[in-house]
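Novice: Provided herewith is a single structure, encoded as structure tokens, for subsequent inquiry.
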Amino acid sequence: EKPFKCNECSASFIRRSELQHHSLIHDTGKQFKCSRDAEIKSFHSYSQEYERAHREDKPFRCTQCVMSFTRPSDLQRHLLIHSNSKPYKCEECDREFTWFGNFQKHILSHMNNTSPSNASFSAMFTMLAREQVKDLFIKEGEKYRCRLCSKDFTRLSGLKTHIRMHTGERPYVCEVCSFAFTTSRALKMHMRLHTGEKPYKCEVCDRAFTRRDEMHTHMYIHKGEKPFKCTQCPASFIRYGHLQRHLLIHSDDKPYKCKLCPKSFTQYRNLQTHMYKHTGERPYRCKYCPKGFTQYGTLQAHERTHTGEKPFKCTLCDKAFITSSHLRWHVKTQHPKE
């Protein structure tokens, strides 16, 4: 059931907040008052939160709504909304819940209305969590199977980590900001944001990264490689998320329609950029001159004309460039056979 329906189109939503964010598409001429700091915000700034749901770095897309995710586990957890599955039942009042985290908060409401801490479970609730987990998997031969999604694991430890995706349990807590994680490795990666540690360094341009996969993706820029290729046209991309975004071009589905002209778009972010043509807004301002831009990437390239920074270096000669597209053109024209 999706009780919150849009008055402008046929879309409907489970949560009121999702409807409010969707309504921005139809109300692009307005200014909005932020509920947190009472600041009057433009369409661009107010819509940033909604845009995150459609960012290019979230390749795992829900087929039943507009949401997208960075990890397949997050998508699986989200799909529980559409399945109407409510495996967690309160024995005190018979209320049922889709997610273990909501079930957790509800149980604590029976315990003298105690509010749960973001950092940890109560002792009683930890025991309850363990009992729930026991019922969520079965052993079949040499493998362990999750009862909620039928995914198999060769090790029990891997299954237990996976089950946290369903239950919402996040036992590894950051001591700095109280953000919690399902694995110790994820917490370790997160801590680098606080410490500034970037152990993975590019040998070509000395850029450093917090994760190894970020460095590997970065290296494609220097090599001029685009490993993710479209099967419907010659286009290729450095990131899988970019390919997923591109594939929408080949789709006839353009759900994001401009209210001020007949144009429609496959992605929300493209509609947002298009709206700047109507509003004249250039939200990305250069810190060195009065120029403004409609896209952040264009601003970055422009500011390098002030700083002289040329981060994209050719591995076949000593040339360096402001943008990756300039580097690719250089490799294509100057080193075609290498």
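Novice: Hey, can you tell me all the residues within region 151-195 that are of a type in the set (Asp, Glu) and either under 19 Å from the mean Cα position of the chain (by Cα) or closer than 26 Å to ALA208 by Cα (or both)?
Specialist: Correct list: GLU175 only.
Novice: Which count do you get for residues in region 130-167 that are small (Gly, Ala, Ser) and at pLDDT 80 or above?
Specialist: The number of residues fulfilling the criteria is 2.
Novice: To continue, here is another question. Given the options ARG164, ARG170, name the one that is assigned to a loop (DSSP other than H, G, I, E, B), crowded, with 16+ Cβ neighbours inside 10 Å and not β-branched (Val, Ile, Thr). Don't jump to the end; show me each part of the working.
Specialist: On the way: ARG164 fails: assigned to a loop (DSSP other than H, G, I, E, B).
Of the residues listed, the single one that is assigned to a loop (DSSP other than H, G, I, E, B), crowded, with 16+ Cβ neighbours inside 10 Å and not β-branched (Val, Ile, Thr) is ARG170.
Novice: Let me ask something else about it. For region 190-232, enumerate the residues that are of a type outside the set (S, T, N, Q), loosely packed, with under 13 Cβ neighbours inside 10 Å and part of a helix (DSSP H, G or I).
Specialist: Across region 190-232, the qualifying residues are HIS194, ARG212, ASP213, HIS216.
Novice: For region 303-331, name all the residues that are over 16 Å from CYS202 (Cβ atoms) and either among the aromatic types (Phe, Trp, Tyr) or more than 29 Å from the chain's Cα centre (by Cα) (or both).
Specialist: THR305, HIS306, THR307, GLY308, LEU316, CYS317, ASP318, LYS319, TRP329, HIS330, VAL331
Novice: Can you tell me how many residues in region 229-249 are over 19 Å from the mean Cα position of the chain (by Cα) and over 20 Å from THR273 (Cα atoms)? Please lay out each step first, then the result.
Specialist: Applying the first criterion (over 19 Å from the mean Cα position of the chain (by Cα)) to region 229-249 yields 229-236, 249.
From the residues that got through so far, the ones that are over 20 Å from THR273 (Cα atoms) too are 229-236.
Qualifying residue count, region 229-249: 8.
Novice: Which one of these does PRO283 not meet: (1) more than 29 Å from LYS223 (Cα to Cα); (2) more than 23 Å from the chain's Cα centre (by Cα)?
Specialist: That leaves (2) as the condition not met.
Novice: Please go through (1) over 24 Å from PRO59 (Cβ atoms); (2) at pLDDT 85 or above; (3) crowded, with 16+ Cβ neighbours inside 10 Å for PRO283 and return the number of the only condition it doesn't satisfy.
Specialist: (2)
The values are calculated or read from the model by the stated rules, or taken from the named source; none is laboratory data. In this text the structure is predicted, and so the values were computed from the model without any measurement. FYI the Cβ positions are ideal-geometry reconstructions off the backbone, even for glycines, and counts take in every protein chain you see.
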